[in-house]
Amino acid sequence: MVPLENFLALSGILFAIGVYGVLARRSAVLVLMGIELMLNAVALNFVAFAAYLDPGQFAGVVIAVFIITVAAAEVGLALAIIIRYFRMQATSNVDEAAALKW
Amino acid sequence: MGAEQAWLLAAIPGGMFFVIAMIGRWLPRQADWLGILTIATTFALFFVVLVDFLGTGDGLGPITNSMSWTEIGGFQLDMGIFVDPITIVMLGVITAVALMVNIFSVGYMKGEPRYFWYFALLQGFAASMILLVMADNLLLVYVAWELVGVCSFLLIGFYWERRSAIEAAKKAFITTRVGDVGLLIGIILLWREAGTFNISEIIAFAQDGGYGSTYLFVASFAVFLGAIGKSAQVPFHVWLPDAMEGPTPVSALIHAATMVVAGVYLVARLLPVFEIPEGMMLIITIVGLVTALMTGVIAIAQTDIKKVLAYSTVGQLGFMFIALGAGYPDVAMLHLMTHAFFKALLFLGSGSVILATHHNQEMDKLGGMWRKMPITGTTFLIGSLALAGLPPLAGFWSKDEIWVVTEGAWGAWATILFGVAAVLTAFYTTRLFIRTFMGNPQDEHVYEHTHETGPVMWAPLVFLGVLAVVSGFVIFNEVGTALGFPGGFTEFIFLDEPHVYSIHWDFAAASLAAAVIGIFVGAWMYWGGRLDRATAFANWQPGLFDVARNKFYWDDLYQAGVDRGLLGFSYVVSWFDRYAVNDTGVDGSAQTTGYAGFILKHIQTGKVPNYAMGIAIGVIVLTIAGMAARG
Amino acid sequence: MAVEVLWWLFAFLIVGTAIGVVTARTVIHSALFLLASLGGVAAMYVLLLVEFLALVQILIYGGAVAVLVLLALMLTRQAAGGEPVSLNGPQAPFAALAGIALAAVLVGAVVASSWPAAAADGPVDVPFEQISEALFEDFGATFILVSILLLVAAVGAIILARQEDAD
């Protein structure tokens, strides 16, 4: 059988890759993709815990459902913001969006 | 109504102050009649209190009536009245002089602006002063003390269109304020050990040895500072001559007869406390002597008749302090009473002259007024002779008695100095009268337009003139008994043992001699309006004359003190505030913050990835730290 | 054995495509890699015996989200200049370090921790009905809140992205 640690390690690695994507990418859409990876890693983590250590309670599964829902909402909003921003500034590069600086 | 309801004497004029101040403007004659009615009622009530007090017959112990004012923790503060012989004398003086001054003011203040406000303030002053002499505890005394001070301030500055009046009012208030701080400290010190503000209890506490010797000396000296501030003794005397900027009837009431004797009253009231610490009575005596001598010299060189009278008042208050310093409050109160009558008379007489000559109060432009103003001149002569101390006028008896007790208490040196002061008094009084009322007019224009003032003004003069003649006789046991007092005046007021009056023929002779010498020298020097002998004297001793004319340089000394000391200190404080507090402390911290912000803002890129990197690093570090902490 | 083989297969698929997402030279490639990676996570859900989640994952991510992302990519495409030379920002090397460090920390934490015996047994089967019971009964209120959130987000997204005439 596959032990729980495997899922947790996979989730950690996926999360780290997502973090790298968020930190390294310039395009806001690509940053958003990194965030999606991180969210998936977290959801996977929850589900793994629920399936192994918490049978019959489903809290982890339910939270994963909510994460997916919130992620969908977040993607919708974030993309709307990005499009709006692109319309105003003709760019979607996060490192060019520094208007709040002193 | 009995003496227990004596608080009405303060409450009635106090209430009328508000009535006249608020609606007096619209009443007929701007409510001057209301003021006279108020004071007349108070004067009548005084006799009710007097009769009731004399009728109690239980050894003339004080009558008290107090109520609980507030209670803080275990400390109860009572407020009440305290009627004893000293209070009775003060009440009589205050109400009698206040009534005369109110009547006189109707003539003197006729047509002045803020007429109703003037009468309102007179009522306010009367209420405060009556409260002051009836208060049974020091806190109430202090309240009333400041109330009379503020009334004095307002009345000195009554003609606030004049800059000199404003300056004089401020000077009076600030100078007395310096003493008042001492008074407050003294009251607090007395309370701290005794745990009560009640005067009788404090005296009893002090006599039981409740205070340490040095402690009591400091406390009583602080109270004494307040007393000499209010009573204008050296070195706080500078405000009283300037206070002559106020209307002349006010000078008569407040700055001659009543308020300035508050210090004398306070010391007399607390004299059992002052007697305990060693050296305190000597200080009181010396202050009184120095004041009497110095103001006697200064008064000689003044040409403003009100200023002469002001310095004379300061000197006479000095006499009262000498009597207190000798340990005889009865003698001080006697002189307080006689002085109140004849000095109020002199001030009102000078007011009559000033009004008749269209506000001329310089001796250099007066002279020969007696012919034009017979009533004023005659009453003024009576007042002058009483002040000079010529028997059988009132001033003779009280001054003579002060001299006797001074000799008894301090011996030869104080006796001789007192004699010198008495001669000086007679001399400048003679000079004042001769130069104002006798001789040839110095200014024909002023002289021609002078005429006797109306009855509303000379009637109070006559009344006070009679008192100035007869009020000294109460010192005799027979007179006192006949009037209903048990024994004479000196047996009426006493501390532990009555001081039985008897004529000392040697002192009576010396007193008469002092008065006669002063009068004779004054007459010789100024008779007929001549000034050549005085001028010759001034030229012979120019230094002495300058010192006297410049009032011993007290004002210059204080001005220099203010200029150099106070303003110098203010400059240092201002410099510290500007550079240390403002530029370094306030601006400096702002600049430091601003500069730090200027440096640190470069950390902020405004780019989201950089912030995200910060978060990531934070997460990593915290996770590692957490794991390390768990082992 | 077959489950373990499958697990490793999908694990490599997920990690590989995820790395593809964050390193691809073009945005479109990134999006396609993301789709593959999310599909791999769906397969993992199947291996965890939560088929319901796998379906949700494919429906929402594989369908809606991926389409949204692609749509956004087209809308925000740079003008005539085409793709920017580098999709990575200047701090990419540091980001790599941070990512590796984070992965090391997380994996290290998993390895270093001691797990209960059940952790080695394998996943327990989760029936559909019980999930729905948990979702609509135990977490009913939360579910409603999330629904409202989704609604607000949808409305907000519309308002934000709307072409405003009176701008």
Rounded accessible area per residue of the stretch A:4-91, 1.4 Å, Å²: 28 Å²
Value at 222 nm in deg cm²/dmol, rounded to 500, when DSSP H runs of n ≥ 4 in chain C each add -39,500 (n - 2.57): -21500 deg cm²/dmol
Nearest-ten-degree value, helix B:505-526 long axis tilted from longest Cα axis of chain B: 90 degrees
For C:52-59, mean number of other protein chain Cβ atoms within 10 Å: 3
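Of the heavy-atom accessible surface of the stretch A:46-102 (probe 1.4 angstrom), what whole percent is carbon and sulfur?
Roughly 67 percent of what the probe reaches on the stretch A:46-102 is carbon or sulfur.
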C-alpha center-to-center spacing [the stretch B:300-338, the stretch C:95-146] in angstrom: 103 Å
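Considering every residue in B:595-604, what mean count of other chain Cβ atoms within 10 Å of its Cβ is obtained? Don't skip to the answer; put the middle values down first.
Details: counts 0, 0, 1, 1, 0, 0, 2, 1, 0, 4.
Across the residues of B:595-604, the mean count of other-chain Cβ atoms within 10 Å is 1.
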The stretch C:1-73 - percent relative contact order, Cα under 8 Å, separation 6 or more: 28 percent
Per-residue mean of C-beta atoms belonging to partner chains within 10 Å, peptide B:515-527: 0
Candidate aspartates and glutamates for bridging to B:LYS170, where Cα separation is under 13 Å - those fewer than 8 sequence places away on the same chain excluded: B:ASP242, B:GLU245
The stretch A:1-70 and the stretch B:571-602: distance between their alpha carbon centers, rounded to Å: 53 Å
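Between rounded, prolate and oblate, where does chain A land on the alpha carbon gyration tensor, with a ≥ b ≥ c its root eigenvalues, rounded for a/c under 1.5, else prolate if a/b exceeds b/c?
Details: a/c = 4.01, a/b = 2.18, b/c = 1.84.
Prolate, since a/c reaches 1.5 and a/b exceeds b/c.
Please list B:472-483, B:31-42 highest first by mean number of surrounding beta-carbon atoms within 10 Å per residue. List each step's numbers first, then the result.
Working: B:472-483: 17.7, B:31-42: 21.3.
Put in order of decreasing packing, that is B:31-42, B:472-483.
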Cβ-placed point charges (K, R +1; D, E -1), dipole of chain B about Cα centre in debye, nearest 20: 2060 debye
Model label zone, B:HIS359; criterion: amide N under 19 Å from point 7 Å along Cα-to-beta-carbon; scope the stretch B:113-142: B:113-119
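How would you rank A:69-76, B:189-196, highest first, on the average number of other Cβ atoms within 10 Å across their residues? Before the final figure, lay out each step's value.
Numbers: A:69-76: 19.4, B:189-196: 17.8.
Most protected by this proxy first, the peptides run A:69-76, B:189-196.
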Cα-based helix-to-principal-axis angle, B:280-300 vs chain B, degrees rounded to 10: 70 degrees
Sum of -39500 (n - 2.57) over DSSP H runs of 4+, divided by residues of chain B (222 nm, nearest 500): -22500 deg cm²/dmol
Proximal lysines to B:LYS607, defined as alpha-carbon separation beneath 24 angstrom and excluding residues fewer than eight positions away on the same chain: A:LYS101
Nearest-0.05 FRET efficiency for A:ALA97 and C:ARG162, computed from C-beta distance (R0 22 Å): 0.60
Calculated FRET efficiency for the pair C:GLU137/B:THR593, C-beta based, R₀ 60 Å, to 0.05: 0.60
Helix-only [θ]222 nm of chain A, DSSP H runs n ≥ 4, -39500 (n - 2.57) each, per residue, nearest 500: -27000 deg cm²/dmol
Kyte-Doolittle mean at least 1.0 and Cα axial length at least 20 Å: DSSP H helices in chain C: C:2-23, C:27-47, C:92-112, C:140-161
Separation of alpha-carbon centers, the stretch B:39-110 and the stretch B:390-439, rounded to whole Å: 31 Å
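Rounded to the nearest 100 Å², what is the buried accessible area between C and A, both sides summed, probe 1.4 Å?
Values: alone 12910 and 7240 Å², together 13360 Å².
Roughly 6800 Å² of accessible surface disappears when C and A pair.
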14 Å reach of a label modelled at B:ASN550, 7 Å along Cα-to-Cβ, counting backbone N of the stretch B:274-300: none
0 to 90° range, to nearest 10: angle between helix B:455-470 axis and chain B longest Cα axis: 80 degrees
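With +1 assigned to the C-beta of every Lys and Arg and -1 to the C-beta of every Asp and Glu, and no other charges, what is the dipole magnitude of the protein assembly as shown about the Cα centre in debye, to the nearest 20? Don't skip to the answer; put the middle values down first.
Values: 38 positive and 62 negative charges, 571 e Å.
In debye, rounded to 20, the protein assembly as shown gives about 2740.
The values are calculated or read from the model by the stated rules, or taken from the named source; none is laboratory data. No experiment lies behind these values; they were computed from the predicted model shown. Every residue, glycine as well, gets a Cβ built from its backbone with ideal geometry; the counts of neighbours run over all protein chains shown. All accessible areas refer to the heavy atoms of the entire protein, side chains included, with ligands and DNA or RNA removed. Shrake-Rupley method; radii C 1.70, N 1.55, O 1.52, S 1.80 Å.
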